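This report refers to the structure that appears directly beneath it.
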Amino acid sequence: MKRAHIHLRDALEKALRELGIDAPTVTLERPRDPAHGDIATNAALVNAKPLKLAPRVLADKLHGSLALDASLVSCEGVAGPGFINFRFANDYLQSLVALTICEPGTFGRTGDLSGRRVLIEFVSANPTGPLNVVSARAAAVGDSLTRIFRELGAQCDAEFYVNDAGNQVELLGQSVLARYLTLLGQEKEIPEGGYYGEYIADFAKELAAEHGDSFVTAESNSAAALLGRKAMERHIEMHRKSLEHFRVSMSNWYRESALRENEAEWQAFRELERRGTIFEQDGAKFVRTSDFGDQQDWVVVTSQGKPTYFLPDIAYHWDKFRRGYDHIIDILGPDHHSYLTKMAAAMAALGEEPKRLEIMLLQHINLLRDGEPVKMSKRAGQIVEMDELVDEVGVDAARYFFLLRRTSTPLDFDIELAKRQSDDNPVFYVQYAHARIASIFRRGQLEVPIMAEHLELLTHEEELILIRRLREISDVMLDCAVSRDPHALTAWLREVAAQFHRFYHHCRVLTSPAELQTARLCLCRATQIALQRGLALCGVHAPQEM
RNA sequence: ACCCCCGUAGCUCAGUGGAUAGAGCACCGGCCUCCGGAGCCGGGAGCAUGGGUUCGAGUCCCGUCGGGGGUGCCA
């Protein structure tokens, strides 16, 4: 898909070598202004100094000595301080349409990240209640990133870390037990730090209906432990269903309880101890993270001899390192901001390369209704559930909206806008373009083209601009992968849709002469494939009609 | 006090160290004998601030001001 770039880079390197540069580095960039062509290079500016030439002079020399294949790119000349500009040949652009419709599966594929192993952990909500809208944003971003990495050829796993061990199981159990006993006429308080959500009471009602008073007679602590595990499994199942409905599929559900069964947290502790990074103070065991770049040291074992949450987390991340991933990405909420230096320091203390761990802080979301802040929850305003939002606006709009902003920016999510069936709704604007193409085929009672014919007739400016847009998907995907942020994809989709509408307005399809009609139908088909691909990476459907 | 994120058009936001900083919304004006007007065409203004790095800074570094978030022997 990128042969014009490869050809051009080879030609520039060859020309520079002939001028006496031993190891030329050539960077190709896309000019901001389309009038400057499709590709620009600053090769003359960068290499002018060692050759003791003025940049413009070197640019002219290069310009004169380049051997370019005119069916791919041509040189537009030297501009500005010494940029050399190039333009794609129409032949090349037309060949991209042919490739797209003949082999749709290859569209946008470059294999840029093939062989790379990536792990993305996201959502990882505590199984003590339903998923909220913050998890929903994480789910949308994490899943789209996973899809993008895979599309680029990386082997990418999506992982949910289930905190199904430790203190909270017990607290959850006691909360359920309290609700349950209250239902059966015994006064019982929810413990300090327990869970008050209505879903706890719902669960208690089900227990009472199903099992009567059989948990009343049991010894209180063991009943709480049992109910805690039951409630937790129920929440994990709810999370799984919510995510599945949201079109998110995890490669692994990694359970903390499994980790603890192997005593992995103690293995990690002994390794830290062996490396001399553990010290004791006031009866508690600290890891000396301050030796590895953190601001402070952290407790890993309390004076009661129990591990803090940090120790199993260390063990978990250590396990990720030992599973051999090149990039270990955590998507966390903004409140986990101390986690990066902390965990990176812990990994360094274990002798791992901390740079392999990347922690992305996903900013929070503000729900709005026609511009006014809302609390959506039916449950006393405590939490805003993911399922409520998705039920109201639909999976397509929810997923797309979550990708509209950079992850480092808080997101205003306007529920009414997401539901609106009009062109100011960005997801509708893009889906409409796809449906409109489908309707052209329906209206003309035409088969969707699978063969490229008469593409040399695609010479209208709007046609060529559209093809240029489609071509950009490879660059956009790589940009998303490198920045660990899929938001550029939605911008690209909007551009493709907008350019398709311009093409549609200026270039008649069905009423054109037969050969031109065939060519334009091919372009419509290529656009349709591009929109499908881009929307699929967002986890959004491409409808045939709306 | 310290740490992190963010200050770009009226609003919401894009902008891999490159050329005249871009979109969407909102606002105003055009376009339906025409494949879906859920569309198209046209119209304005802006990099918080002071230094530094260099051929070149919205972008990188330091400071200041302003907004947000974080800093448990909780998870």
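The values are calculated or read from the model by the stated rules, or taken from the named source; none is laboratory data. Computed from a predicted structure; not experimentally measured. Note that we place each Cβ from the backbone using ideal geometry, even for glycine, and neighbour counts take in every protein chain shown.
Here are the numbers for the structure shown:
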read-out: Residues located in region A:230-262, provided they are surrounded by fewer than 17 Cβ atoms within 10 Å (Cβ to Cβ), within 27 Å of the chain's Cα centre (by Cα) and among the polar types (S, T, N, Q); value: A:Ser249, A:Ser251, A:Asn252
read-out: The listed residue being crowded, with 19+ Cβ neighbours inside 10 Å, among the β-branched types (Val, Ile, Thr) and near RNA strand B (Cβ under 8 Å from one of its atoms), out of A:Val496, A:Val430, A:Val509, A:Val476; value: A:Val509
read-out: Inter-residue pairs, beta-carbon under 6 Å, first of a type in the set (Lys, Arg) and in region A:146-172, second away from RNA strand B (no atom under 16 Å from the Cβ), 6+ apart; value: A:Arg147/A:Leu537; A:Arg150/A:Cys156
read-out: Residue identified as under 15 Å from the mean Cα position of the chain (by Cα), buried (at least 23 other Cβ atoms within 10 Å of the Cβ) and at pLDDT 90 or above among A:Leu537, A:Leu466, A:Leu523; value: A:Leu537
read-out: Any hit, region A:513-520, residues being surrounded by 21 or more Cβ atoms within 10 Å (Cβ to Cβ) and not hydroxyl-bearing (Ser, Thr, Tyr); value: yes
read-out: Breaking point among (1) over 24 Å from A:Asp330 (Cα atoms); (2) assigned to a loop (DSSP other than H, G, I, E, B); (3) small (Gly, Ala, Ser); (4) within 16 Å of RNA strand B (Cβ to nearest atom), for A:Gly77; value: (2)
read-out: Test: residue in region A:153-169 that is outside any helix (DSSP H, G or I), more than 30 Å from A:Thr409 (Cα to Cα) and over 32 Å from the mean Cα position of the chain (by Cα); value: no
read-out: Qualifying positions in region A:392-412 - within 11 Å of RNA strand B (Cβ to nearest atom) and farther than 19 Å from A:Leu535 by Cα; value: A:Ser408, A:Thr409, A:Pro410, A:Leu411, A:Asp412
read-out: Residue in region A:303-310 that is more than 27 Å from A:Ala268 (Cβ to Cβ) and free of Cβ contacts under 8 Å to residues at least 60 places away in the same chain present; value: no
read-out: Candidates A:Glu121, A:Glu192, filtered to the one that is over 30 Å from A:Arg469 (Cα atoms) and buried (at least 17 other Cβ atoms within 10 Å of the Cβ); value: A:Glu121
read-out: Flag if A:Arg494 is under 30 Å from A:Ala139 (Cβ atoms) and of a type in the set (Lys, Arg); value: yes
read-out: Among (1) away from RNA strand B (no atom under 14 Å from the Cβ); (2) buried (at least 16 other Cβ atoms within 10 Å of the Cβ), the one test that A:Gly333 misses; value: (1)
read-out: Region A:140-168: number of residues that are within 30 Å of A:Pro307 (Cβ to Cβ), within 14 Å of RNA strand B (Cβ to nearest atom) and not polar (S, T, N, Q); value: 5
read-out: Residue match in region A:263-274 (condition: surrounded by 13 or more Cβ atoms within 10 Å (Cβ to Cβ) and of a type in the set (Lys, Arg)); value: no
read-out: Given (1) under 23 Å from A:Glu151 (Cα atoms); (2) of a type in the set (A, V, I, L, M, F, W, C); (3) in a loop (DSSP other than H, G, I, E, B), index of the condition A:Ala452 fails; value: (1)
read-out: Lone unmet requirement of (1) under 22 Å from the mean Cα position of the chain (by Cα); (2) more than 21 Å from A:Gly166 (Cβ to Cβ); (3) surrounded by 14 or more Cβ atoms within 10 Å (Cβ to Cβ); (4) away from RNA strand B (no atom under 12 Å from the Cβ) for A:Ala348; value: (1)
read-out: Residues of region A:276-303 satisfying the condition of being within 8 Å of RNA strand B (Cβ to nearest atom) and outside any strand (DSSP E or B); value: A:Asp282, A:Gly283, A:Gln295, A:Gln296, A:Thr302, A:Ser303
read-out: Top-ranked residue of region A:32-65 - restricted to ones that are in a loop (DSSP other than H, G, I, E, B) and over 40 Å from the mean Cα position of the chain (by Cα), ranked as surrounded by the most Cβ atoms within 10 Å (Cβ to Cβ); value: A:Leu53
